[in-house]
Amino acid sequence: MPLSPGDRAPPAVAAELSGRPAPLAPAGGRPRLLLFYRADCGASEVAGSVLPRFGAVPGLDVLAVSQDPAPAAAAFAADRGLGPPVRVVVDAEPFAASDAFRVRSTPTWVLLDGQGAVAAVAEGWSRDDANALAAAAARLCGASPVVVAPPDGPEPALRPG
């Protein structure tokens, strides 16, 4: 079972595409949204296409945590326009960061408050879950809610992985 709201973020580290270490816990008191994904997962494809829209929440750090090798993670990011403000990082095998966050399937979303406590978790792709995460992130950042997956948008309401 993944971490639950109220749990503390583990001291897990992934790697930037450049290879530099990338701690997953929030830094500087800013809330952080983590999306653990695999490039070959259909639900991750949908989640990845919506992820840049979370950048509309002022003050939110957004990290896409790939379980693929760096070249596949970079290609996935390029195909979905995952550039700033979204940072792509790699959790290489044996997936130590994913294990620390108790990720059991992709995609898995983890919203952390600025002090490193889990505020919300969602597994898979659901339009309602994505919008609920965006609303929770906005609350943590003291911002107005953002709809990241509108009902009339191109994303399905649900997508199995």
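The values are calculated or read from the model by the stated rules, or taken from the named source; none is laboratory data. This structure is a prediction, so every number in the text was calculated from the model and none was measured. Cβ placement follows ideal geometry from the backbone for every residue including glycine, while neighbour counts extend to all protein chains displayed.
General remarks:
Here's the yes/no breakdown for (1) small (G, A, S); (2) in a loop (DSSP other than H, G, I, E, B); (3) modelled with pLDDT under 95:
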residue: M1; (1), (2), (3): no, yes, yes
residue: A39; (1), (2), (3): yes, yes, yes
residue: A43; (1), (2), (3): yes, no, no
residue: G55; (1), (2), (3): yes, no, yes
residue: A75; (1), (2), (3): yes, no, yes
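- In a residue-by-residue description of the stretch 7-19, the property of being modelled with pLDDT of 95 or more, acidic (D, E) and within 13 Å of the chain's Cα centre (by Cα) applies to no position.
- Within the stretch 105-117, considering residues that are part of a loop (DSSP other than H, G, I, E, B) and in contact with a Ser or Thr (Cβ under 9 Å, 6 or more places away or on another chain), the one farthest from R30 (Cα to Cα): T106
- D40 passes every criterion in (1) in contact with a Phe, Trp or Tyr (Cβ under 9 Å, 6 or more places away or on another chain); (2) surrounded by fewer than 22 Cβ atoms within 10 Å (Cβ to Cβ) apart from (1).
- Here is the figure for the stretch 23-48: residues that are under 14 Å from the mean Cα position of the chain (by Cα) and either among the hydrophobic types (A, V, I, L, M, F, W, C) or within 16 Å of P85 (Cβ to Cβ) (or both) total 14.
- Qualifying position, being without any contact (Cβ under 8 Å) to a residue 24 or more places away in the chain, in contact with a strand residue (DSSP E or B) (Cβ under 9 Å, 6 or more places away or on another chain) and more than 20 Å from D40 (Cα to Cα), among D129, D113, D152: D129
- Note on the stretch 14-31: residues that are in a strand (DSSP E or B) and either within 18 Å of E123 (Cβ to Cβ) or touching a His at 6+ places or on another chain (Cβ under 7 Å) (or both) total 0.
- Test: residue in the stretch 105-127 that is crowded, with 17+ Cβ neighbours inside 10 Å and on the phi > 0 side of the Ramachandran plot: yes
- Count of the stretch 77-97 residues which are in a strand (DSSP E or B), of a type in the set (A, V, I, L, M) and either surrounded by fewer than 21 Cβ atoms within 10 Å (Cβ to Cβ) or free of Cβ contacts under 8 Å to residues at least 60 places away in the same chain (or both): 1
- Sole residue being in contact (Cβ under 8 Å) with a residue 12 or more places away in the chain and of a type in the set (S, T, Y), chosen from S18, S44: S44
- Residue match in the stretch 118-132 (condition: modelled with pLDDT of 95 or more, outside any strand (DSSP E or B), of a type in the set (A, V, I, L, M) and under 11 Å from the mean Cα position of the chain (by Cα)): yes
- Count of the stretch 57-73 residues which are among the aliphatic types (A, V, I, L, M) and part of a helix (DSSP H, G or I): 3
- Hits in the stretch 107-117 (condition: closer than 14 Å to L63 by Cβ and at pLDDT 95 or above): P107, T108, W109, V110, L111, L112
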